[in-house]
Amino acid sequence: MLTILIVEDDAAISEMLQHFLATKKFAVLIADSGKAAFDQLAERNPDLVLLDWMLPDFSGPDLLKMMRGNAAQKELPVIMLTARSEEEDKIKGLETGADDYITKPFSLQELLARIHALLRRSQRLDANKCIQVGTLSLDPENRSVTVAGEPISIGPTEFRLLHYLMRTPGRLHSRAHLLDHVWGQGSFIEERTVDVHILRLRKLLKKHGIDNLIETVRGGGYRLRETDHGA
C-alpha cells in the first residue's frame, strides 16, 4: 500500500483528504505543522507528500527547501496545495522543488489524477536510473552491481531489495513496507523473509567490506546508510 503524507494545518481539509485517499486504498499520514512533518518523515517513508503553502511554523516553500536538502527526501514527490493562484507563486513553488501545484478549492478527482501521474512518473524515473552510494553502484537496465568497479554476482530478489534501498538512502523501511515495495502488495509472505534476504545481501557485501552499509534499526526495520565510510 502506497503512503501519502498530508501536511496541512486546516483540520477540515486534512480530514477530508484523509478520508478520500483512504477510500482510494492509500495509507495516510497527517502533519499539521512543519515540525510535525519532519517528525513523520524521520519515522515513516511516504511515497508522496501533499504540502500546504501556509503552515503555522514554516511556509510550505521553506519546508520544501529543507526537505530537498536532505538526501532521504531529495527525490520524494511533492504536490503543493495552496490558495495562491498567481503565476509568480506557482513558479516559486515549482522552483523550490515541488513536482506539481494545485490551487484551492480543487477537485478531489483532479488531485487523485495528479497523484497517480506523479507516482507513475517517479517510479519510471527511479526504475532505470543508475545509482551509486559510496563505492557501491547499481545499474537497473543491465541488472549489474559493482563495488569499486568489481562486479558482484547477485540473485534477483537481493537485486530488487538492494535497488529499493539504494533509491532511498537514509530512509528507514519497516519489514512490511519492504514486502509491499519489493515483493509486491498482497504478497502472502512472512516478514521474516525480509530478514533472510537482508542476511544474504549482507554476506555478498561483506566480501567487499561494506556489509555495514545496511543498517538494522531495532523495532523499526532497515535502512541503507548514505555512505559506506566507516563500514
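Take the residues of the range 165-188 that are touching a Phe, Trp or Tyr at 6+ places or on another chain (Cβ under 9 Å) and under 16 Å from ALA27 (Cβ atoms): which is modelled with the lowest pLDDT?
Going through the range 165-188, the residues touching a Phe, Trp or Tyr at 6+ places or on another chain (Cβ under 9 Å) turn out to be 165, 172-175, 178, 181-182.
After this cut, where a residue has to be under 16 Å from ALA27 (Cβ atoms) as well, the list is 172-175, 178, 181.
Values: LEU172: 87, HIS173: 88, SER174: 88, ARG175: 88, LEU178: 87, HIS181: 78.
Of everything passing the filter in the range 165-188, HIS181 is modelled with the lowest pLDDT.
So, GLU141, is that one outside the structural domain of ALA42 (by TED's automatic domain parsing), under 26 Å from MET67 (Cβ atoms) and surrounded by fewer than 20 Cβ atoms within 10 Å (Cβ to Cβ) or not? Let's see the steps before the verdict.
Values: outside the structural domain of ALA42 (by TED's automatic domain parsing): yes; under 26 Å from MET67 (Cβ atoms): no; surrounded by fewer than 20 Cβ atoms within 10 Å (Cβ to Cβ): yes.
Criteria not met by GLU141.
Provide a single number: the residues in the range 6-29 that are surrounded by 13 or more Cβ atoms within 10 Å (Cβ to Cβ), farther than 18 Å from GLN109 by Cα and hydrophobic (A, V, I, L, M, F, W, C). Give the derivation first.
Let us first name the residues in the range 6-29 that are surrounded by 13 or more Cβ atoms within 10 Å (Cβ to Cβ), namely 6-10, 13-18, 20-21, 24, 26-29.
Pick out the ones that are also farther than 18 Å from GLN109 by Cα and you get 7-10, 29.
Those still in the list that are hydrophobic (A, V, I, L, M, F, W, C) too: 7, 29.
Count: 2.
If you check ARG175, ARG192, which single one turns out to be basic (Lys, Arg) and within 22 Å of LEU2 (Cβ to Cβ)?
One residue alone meets the criteria, ARG175.
Quick check on the range 189-198. Is at least one of its residues within 17 Å of the chain's Cα centre (by Cα), of a type in the set (A, V, I, L, M, F, W, C) and part of a loop (DSSP other than H, G, I, E, B)?
Checked the range 189-198: no residue is within 17 Å of the chain's Cα centre (by Cα), of a type in the set (A, V, I, L, M, F, W, C) and part of a loop (DSSP other than H, G, I, E, B).
The values are calculated or read from the model by the stated rules, or taken from the named source; none is laboratory data. On a predicted model such as this, the values are computed, not experimentally measured, just so you know. Quick reminder, even Gly has a Cβ in these numbers, built from the backbone with ideal geometry, and neighbours come from all protein chains shown.
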